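Here the structure is laid out as structure tokens; the discussion comes afterwards.
The values are calculated or read from the model by the stated rules, or taken from the named source; none is laboratory data. As the structure is a prediction and not an experimental result, all values here were calculated from the model. Glycine gets a Cβ as well: all are built from the backbone with ideal geometry, and neighbour counts include every protein chain shown. Heavy atoms of the whole protein, side chains included, go into the accessibility calculation; ligands, DNA and RNA do not. Shrake-Rupley method; radii C 1.70, N 1.55, O 1.52, S 1.80 Å.
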Amino acid sequence: MFHSVSSKVNFPQVEENILSLWRNKNVFERSVESRRGGPRFVLYEGPPTANGSPGIHHVLSRVFKDIIPRYKAMKGYYTPRIAGWDTHGLPVELEVERELGFSGKAQIEEYGVDRFNARCRESVFGYLKEWEAMTERVAFWIDLKHPYITMDNEYIETVWWAIKQMWDKGLVYQGYKVTPHCPRCGTSLSSHEVALGYQDDVEDPSVYIKFKVVPSPISESEEQKRLYELSREKPAYFLAWTTTPWTLPGNTALAVAADAEYVVVEVGDEYFILADALREQAVLGDAPVIAKVKGKDLVGVNYEPLYNPHQFGVERRRFQAQAELTVQEPREDLTYRVIATDFVSMEEGTGIVHVAPAFGEVDFEAGMYHELDFVHTVDLQGNIIGNYPFAGKFVKDADPLILDDLKARGLLYRSEKIRHTYPFCWRCESPLLYYAKQTWYIKTTVVKEGLIAGNNEIGWYPEHIKYGRFGDWLENNVDWAFSRERYWGTPLPIWQCESCGRYECVGDVGELKAKGGLTGLKEPMDLHRPFVDELTFDCSECGARMGRVAEVIDCWFDSGAMPLAQWHYPFENDTLLEDGRFPADYICEAVDQTRGWFYSLHAISTLLFNRPCFRNVICLGHVLDAKGEKMSKTKGNVVEPSAVINKYGADALRWYFFTAVPTGNVYRFDDKMVAEITRRFLLTLWNVYSFFVTYANIDRFTPNSSGTSPESSELDKWIISELNQLIMDVDTALDGYNPTEAGRKIESFVNDLSNWYVRRSRRRFWKSENDADKQSAYTTLYECLVKLSKLLAPFTPFLAEELYQNLVGSVFSEAPDSVHLADFPVADVTKIDEQLAADIRLAMKLSSLGRAARSKAGIKVRQPVATNFVGLDSAREREALERIKPQLMEELNVKDIIADSFEKVAALDDSQFAIVGEATVNSAISIHLSEDLKKEGLVREIVHRLQTMRRSAGFDIADYIVTYYRGDPYIKGVIEDKGFADYIKQETLSRQLIEGMPDEGAFTESYKVDGYDILLGVKRSG
Ligand SMILES: [Zn+2]
Ligand SMILES: [Zn+2]
């Protein structure tokens, strides 16, 4: 006997019970250990940060990380899975700054780096319990007891080792470069971090600024002479366009395109100079043109700076050899000049570009090339320095003040607004500013070919990411700016001599401890700031002190080093690269990680070993709200995972994530979808399961241990054929990292099982004889449910376990303790009957067309009709129709089915027939009902009412009853017909049909059926 199963089910409750079963029986550990000796399957867990609550998108990636290893384990793979936690970096620091109410680095320094970092260390596991609870609750099986943690000394030591390897290959360098800088976080961002934070539709000023030409006596060409003359007549101005007014005080040159046409136009008492092609755009189309010149004729012309830095207490430096800057003497009569460059656009602006070498990458390069002046007017917090009228303001707040000032001085021609794409800090959402700064780089561009070649070996799901998003990223590779001017991170292991300036990179703790003259060592060591900052040693060249540089490293480097650092390689586990633990077979994260973790993993592995460190990657879409908007706390549209799970269960949520959209697409998360999935799939399966157990217990059915059935009937043969086809399809799809495809196949099988197999088999389970046909039906349905439980185990591990425990565990004591310890089913291809499958597909299609025709005619399903014409042109389908005719007649409740051509059926008289068709198949139901058909319909209706009453009265399915009836003479006549009476008795388990008032104690109801009054009563028969 199976445990009885109610058709009412509370999935979250079922799941809680299963969780304790797994815990008590150590099922996860055993599911790994029992496959030891099998081929290895390696998952790398992309480490989340546990300093905030897990969100619904974390559930998404966690269930996808779970499904593949579960499947592989059932296929016999040894799949230990190790959890990891990302503990360093800006997100952690920002959280602590928020707690302390800090707004910048000065306050951290004042508070003390040791105290600040101690708080960071505490805060990283602030939400660990929530993470662990969520992980367990959604059944993401991973070893949470022995996780790797990026802030552990061993972990850091491996990261140092990796940096040292790159250092020794000459791949680490310090560059003075313009980098995207977050003024709030006070640090540079790498290009992949910048890529995470672009925002569209950002409003900025769009302004045309006037730079006053200095009438220069040195004239090299006729054109310059002419310009000189003009500018003595009336003031002449170069017109330049910008969206960042705050960079204007840093202007030190104007750039033109050498070969482009420029014009001098007259506007009132002034002359403006700009590109001919952009006159219209600058609203100067109607201004009279006084002169035309080539860009190259403008080169060398001097103009007045908008702001002479010396008057505002700001240093002026000049590029000399390469990136070296030397301070220049103050000058009252400072002028700058026009240069020609190749970055001048003729698409927007004026064809004259404002150049500020401190604030842009191309500007900086132009500065080096043309040996321009370099004026930096902004500090690292993004505030204007010096004593400008707008000094002390944040750059974006200074914009309007600068424009007011220029306007007052007559130097502003037009001021508008523009909407464009602008990068923001991906963490704190401050606008990024482009600054010239010293930064440490890894020369990833040197291994670009290796990065691209390695990517060829990786399987991407969805596939388009491979040569699309990820491939493009690699093609456009730039060096990795990997130092951060921050506190809580892996310290950059580089020391510098205070005297000779030499750098040394330290690759491990042993090497550090062996340094001559080491001071500041405290045991036990903590490889974080400020403790490593206190370690100094002798310079091996000059004997002076060497101290560590101030920077820490990008936390993406930490997580990208996890394949090695989680094993403390090469200090321990030195066989890692050969023993199957590297590379990973599988990783999975959301699509934003293409430029984050996916890239850092790939880059580090390529730099160190010139090979990729993962073989397959599922790249997930983002989870948006139901309206397609990003979830955010401020919008209040964040979905709490626990709310969904407590209502529907984790399986429902898992199934939603696996099947709702093709892998990689965006989810528009809606509670209603999860409810719909529960109803459409989970409850359908549950009802089949509950139906099976209920009847199997009545008939005391015991499955045989082989688990397979002898299938006597065609219906059994068909569902077993479909089952084996399903096993094959699911296996193939999961092997190809496509849970969506696999899940959708399972769903359609369960649908067929419920709506065709079980529905059409009902009578076989109901009938009183316990014959071979009934046995075959039980055995067949049993086999389907047991194999389904195994197929579903990776998808919906709870429901699968529930089915397995009752159907297998309670019957076979020698069976594995859990469905997750069982093997994945293997398809028996000899049982796949393609012709039979095609026949039944046709039967399903024709019955759905026939039902549509019936409903078009308004004839109820219980009313038999005379004829169904079926239009089919394919000879193969005509043949099939002969085979499926009996079941189709039963399905459609028709007395005869006649095949004809599609055209002829389509042309039938629609006053006689209701016709419904598809592309190549159609179906026509005769509308006319004879008196006999009407009587038969009435009897079926009465049977239906009696069956409903049996349930309402609470009778058991197998109870025999006595039925009472009273009604019009017509009703009486119909029921008294011998054939009909026998039919009613058989269908309702009635021993007697008694005309007259029901007995005391009978369950009675009265109806109007087809316009006739009838009173019915049912009573258990003793
Ligand atoms: Zn920031
Ligand atoms: Zn030295």
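Residues of segment 986-1000 being within 18 Å of residue 762 (Cβ to Cβ), outside any loop (DSSP other than H, G, I, E, B) and in contact (Cβ under 8 Å) with a residue 12 or more places away in the chain, which ones?
987, 988 - these are the residues of segment 986-1000 that are within 18 Å of residue 762 (Cβ to Cβ), outside any loop (DSSP other than H, G, I, E, B) and in contact (Cβ under 8 Å) with a residue 12 or more places away in the chain.
Just one of the numbered conditions (1) within 20 Å of residue 617 (Cβ to Cβ); (2) in contact with an Asp or Glu (Cβ under 6 Å, 6 or more places away or on another chain); (3) surrounded by fewer than 21 Cβ atoms within 10 Å (Cβ to Cβ) is not true of residue 41; which one?
(3)
Which residue pairs have Cβ atoms closer than 6 Å, lie 6 or more positions apart in sequence or on different chains, and pair a first residue in segment 271-299 that is under 19 Å from residue 415 (Cα atoms) with a second residue that is surrounded by fewer than 16 Cβ atoms within 10 Å (Cβ to Cβ) and basic (Lys, Arg)?
Going by the 6 Å Cβ cut-off, the qualifying pairs are 271/234.
Hey, could you check segment 430-468 for residues that are of a type in the set (A, V, I, L, M) and part of a loop (DSSP other than H, G, I, E, B) and say which is surrounded by the most Cβ atoms within 10 Å (Cβ to Cβ)?
Looking at the filtered set, the residue picked out is 432.
Specify which of the listed residues (921, 865, 870) is under 27 Å from residue 761 (Cβ atoms) and more than 48 Å from the chain's Cα centre (by Cα).
When all the criteria are applied, what remains is 865.
I'm trying to understand the selection: among the residues of segment 469-498, which are among the polar types (S, T, N, Q), open to solvent by less than 10 Å² (accessible area, probe 1.4 Å) and not in a loop (DSSP other than H, G, I, E, B)?
Selection gives 483 alone.
Hey, among 959, 1010, which residue is in contact with a helix residue (DSSP H, G or I) (Cβ under 8 Å, 6 or more places away or on another chain) and closer than 17 Å to residue 934 by Cα?
Checking each option against the conditions leaves just 1010.
Write out, first by first residue and then by second, each pair whose Cβ atoms fall under 7 Å of each other, whose residues are 6+ apart or on separate chains, and whose first residue, in segment 227-240, is farther than 18 Å from residue 337 by Cβ while the second is part of a loop (DSSP other than H, G, I, E, B) and open to solvent by 10 Å² or more (accessible area, probe 1.4 Å).
As it stands, the answer is 232/215; 234/269, since those pairs meet every condition given.
Quick one: in segment 393-439, of everything that is polar (S, T, N, Q) and within 17 Å of residue 203 (Cα to Cα), which residue is farthest from ligand 2 (Cβ to nearest atom)? Step through it out loud before you land on a result.
Our first condition is that a residue be polar (S, T, N, Q); within segment 393-439, this holds for 415, 421, 430, 438-439.
Of the ones still in play, those that are also within 17 Å of residue 203 (Cα to Cα) are 415, 421, 430.
Numbers: 415: 54, 421: 47, 430: 39 Å.
Per the criteria, the residue is 415.
State whether one or more residues within segment 385-398 are away from ligand 1 (no atom under 16 Å from the Cβ), within 30 Å of residue 553 (Cβ to Cβ) and either open to solvent by 40 Å² or more (accessible area, probe 1.4 Å) or basic (Lys, Arg) (or both). Before the answer, list the steps.
From segment 385-398, those away from ligand 1 (no atom under 16 Å from the Cβ) are 385-393, 397-398; that's our starting set.
With within 30 Å of residue 553 (Cβ to Cβ) added as a condition, the list becomes 385.
Still in the running and either open to solvent by 40 Å² or more (accessible area, probe 1.4 Å) or basic (Lys, Arg) (or both): 385.
Yes, segment 385-398 contains a residue that is away from ligand 1 (no atom under 16 Å from the Cβ), within 30 Å of residue 553 (Cβ to Cβ) and either open to solvent by 40 Å² or more (accessible area, probe 1.4 Å) or basic (Lys, Arg) (or both).
Can you say whether residue 167 is away from ligand 2 (no atom under 16 Å from the Cβ) and in contact with an Asp or Glu (Cβ under 7 Å, 6 or more places away or on another chain), as far as the supplied structure shows?
Here the answer is no, as residue 167 does not meet what is asked.
If you check every pair at least six apart or on different chains, which have Cβ atoms under 7 Å apart with a residue in segment 523-547 that is in contact (Cβ under 8 Å) with a residue 60 or more places away in the chain first and a residue that is open to solvent by less than 40 Å² (accessible area, probe 1.4 Å) and within 16 Å of ligand 1 (Cβ to nearest atom) second?
Listed pairs, sorted by first residue: 529/487; 529/552.
Name every residue in segment 765-781 that is in a helix (DSSP H, G or I) and open to solvent by 10 Å² or more (accessible area, probe 1.4 Å), in order of residue number. Even if it seems obvious, please write down each step before you answer.
We begin by selecting, within segment 765-781, every residue in a helix (DSSP H, G or I); these are 765-766, 772-781.
Passing the criteria: 766, 772, 773, 775, 779.
What helices (runs of 4 or more DSSP H) lie completely within segment 508-615 and have 2 or more residues being more than 26 Å from residue 447 (Cβ to Cβ), away from ligand 1 (no atom under 16 Å from the Cβ) and over 25 Å from the mean Cα position of the chain (by Cα)?
509-513
For segment 363-387, which residues satisfy the criterion of being among the charged types (D, E, K, R) and more than 13 Å from residue 398 (Cβ to Cβ)? Steps first, please.
The initial filter retains those residues of segment 363-387 that are among the charged types (D, E, K, R), namely 363, 365, 371, 373, 379.
Result: 363, 365, 371, 373.
Name the one entry in 119, 98 that is at pLDDT 95 or above, more than 16 Å from ligand 2 (Cβ to nearest atom), in a helix (DSSP H, G or I) and of a type in the set (Lys, Arg). If you could, list the steps in order and put the result at the bottom.
Details: 98 fails: at pLDDT 95 or above.
Sole residue among the options that is at pLDDT 95 or above, more than 16 Å from ligand 2 (Cβ to nearest atom), in a helix (DSSP H, G or I) and of a type in the set (Lys, Arg): 119.
Could you please let me know if residue 159 is open to solvent by less than 10 Å² (accessible area, probe 1.4 Å) and touching a residue at least 12 places away in the same chain (Cβ under 8 Å)?
Yes, satisfied.
Filter segment 988-1008 down to residues that are at pLDDT below 90 and crowded, with 17+ Cβ neighbours inside 10 Å, then give me how many there are.
Matching residues across segment 988-1008 total 1.
Could you tell me whether residue 163 is assigned to a helix (DSSP H, G or I), on the phi < 0 side of the Ramachandran plot and at pLDDT 85 or above?
Values: assigned to a helix (DSSP H, G or I): yes; on the phi < 0 side of the Ramachandran plot: yes; at pLDDT 85 or above: yes.
So residue 163 passes the test.
Which one of these is closer than 25 Å to residue 564 by Cβ and either hydroxyl-bearing (Ser, Thr, Tyr) or more than 16 Å from ligand 2 (Cβ to nearest atom) (or both): 162, 139, 133?
162
One line per residue, one yes/no per condition, for (1) in contact with a Pro (Cβ under 7 Å, 6 or more places away or on another chain); (2) surrounded by fewer than 21 Cβ atoms within 10 Å (Cβ to Cβ); (3) modelled with pLDDT of 95 or more:
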site: 243; (1), (2), (3): yes, yes, no
site: 248; (1), (2), (3): no, no, yes
site: 259; (1), (2), (3): no, yes, no
site: 272; (1), (2), (3): no, no, yes
site: 280; (1), (2), (3): no, yes, no
site: 283; (1), (2), (3): no, yes, no
site: 286; (1), (2), (3): no, yes, no
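Just checking, which of 394, 424 is closer than 27 Å to residue 475 by Cβ and in contact (Cβ under 8 Å) with a residue 24 or more places away in the chain?
After applying the criteria, what remains is 424.
Can you name every residue in segment 406-429 that is over 36 Å from the mean Cα position of the chain (by Cα) and open to solvent by less than 40 Å² (accessible area, probe 1.4 Å)? Quick ask: steps written out before the conclusion?
So in segment 406-429, the residues over 36 Å from the mean Cα position of the chain (by Cα) come out as 406-416.
Matches in segment 406-429: 406, 410, 411, 412.
Looking only at helices (runs of 4 or more DSSP H) that lie completely in segment 1-90, which have at least 3 residues being over 27 Å from the mean Cα position of the chain (by Cα) and farther than 30 Å from residue 159 by Cβ?
Correct list: 11-25, 27-33.
Out of (1) without any contact (Cβ under 8 Å) to a residue 40 or more places away in the chain; (2) open to solvent by less than 60 Å² (accessible area, probe 1.4 Å); (3) among the hydroxyl-bearing types (Ser, Thr, Tyr), the odd one out for residue 634 is which?
Of the numbered conditions (1) without any contact (Cβ under 8 Å) to a residue 40 or more places away in the chain; (2) open to solvent by less than 60 Å² (accessible area, probe 1.4 Å); (3) among the hydroxyl-bearing types (Ser, Thr, Tyr), the odd one out for residue 634 is (2).
If you go through segment 796-817 one residue at a time, how many are in a loop (DSSP other than H, G, I, E, B) and either surrounded by fewer than 24 Cβ atoms within 10 Å (Cβ to Cβ) or without any contact (Cβ under 8 Å) to a residue 12 or more places away in the chain (or both)?
Adding up the residues that qualify gives 8.
Across segment 137-160, what is the number of residues that are touching a Ser or Thr at 6+ places or on another chain (Cβ under 6 Å) and either among the small types (Gly, Ala, Ser) or part of a helix (DSSP H, G or I) (or both)?
Number of matching residues: 2.
Quickly run through segment 187-228 and pick out the residues that are in a strand (DSSP E or B) and either within 16 Å of ligand 2 (Cβ to nearest atom) or open to solvent by 60 Å² or more (accessible area, probe 1.4 Å) (or both).
Hits for segment 187-228 are 198, 199, 200, 201, 203, 212.
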